[in-house]
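Down below is the structure, laid out as structure tokens.
A short reminder: the numbers here are calculations on the coordinates, not readings from a lab. If you're wondering where the values come from, they're calculated on a predicted model, not measured in any experiment. Every residue, glycine as well, gets a Cβ built from its backbone with ideal geometry; the counts of neighbours run over all protein chains shown.
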Amino acid sequence: MVAEPIEVQVRPGVEGDLKALTDLYNHYVRETPITFDTATFTPEERHPWLLSHLEDERHPLLVANETASNRILGYATASAFRPKAAYDTSVEVTVYLAPGAGGRGVGTLLYKSLFEALAGQDIHRAYAGIAQPNEASTRLHLRFGFRYVGTYEEVGRKFGRYWDVAWYEKALRPSSS
């Protein structure tokens, strides 16, 4: 069954999105191994995360909302890959969709907008870690030109079992070496 089409707007995140974004993320914390956080967050606990994206254009937060209802359907972020200075031109990207929003092209719209936002910046590579199994996320990343680079086996424990994380990489700028 194909999901009914909806009109979606992708825009930069704002402080007023904090509660909805926290609720969306907490769904994945409670219900899935997609994030390895094991305890839910309050909006106050998640506020520094939001501010880190709002204050740093190198690490944007983009939100997709349904135009008619203004309901947030998902978000995409680029975050620092690692804290050391030599990693500054690498980012880790991710997309989270609201329950029921999958299969409607929302993830594709978010990633398209995210990579457009990153295009003018000094970002060389994007990385994505995908807890396995997650066919939808794997397909999305492959469509956007990511290539598989390896798997960390049994790297996280959640819900009483160990989970693998497959890593994907996308070149954003040609090498200058």
Could you list Tyr111, Tyr25, Tyr152 so that the one with the fewest beta carbons within 10 Å of its beta carbon is first and the one with the most is last?
Tyr152, Tyr25, Tyr111
Spin-label point model (7 Å from Cα, Cβ direction): what's the Ala119 to Lys158 distance in nm?
3.3
Mean-square fluctuation maximum in Gaussian network of the chain, Cα pairs under 10 Å, restricted to Leu62, Leu54, Leu110, hits Leu54
To the nearest 0.05, how large is the calculated FRET efficiency for Ala136 and Ala86 if R₀ is 30 Å and r is the Cβ-Cβ distance?
0.35
Based on the Cβ-Cβ distance from Glu15 to Asp37, what FRET efficiency comes out when R0 is 25 Å, to the nearest 0.05?
0.70
Translational diffusion coefficient, Stokes-Einstein: compute it for the chain using the Kirkwood radius over C-alpha pairs as Rh, at 4 °C and 1.567 mPa s, and state it as an integer in µm² s⁻¹.
77
Hey, what's the Kirkwood Rh for segment 1-103 if you take every pair of different alpha carbons, in angstrom?
14.7
Please state the relative contact order of segment 8-171 as a whole percent: Cα pairs under 8 Å, 6+ residues apart?
19
Return the calculated 222 nm mean residue ellipticity for the chain, to the nearest 500 deg cm²/dmol, obtained by summing -39500 (n - 2.57) across DSSP H runs with n ≥ 4 and dividing by the residue count.
-8500 deg cm²/dmol
Among beta bridges that DSSP assigns inside segment 22-177, antiparallel share in %, nearest 5:
90
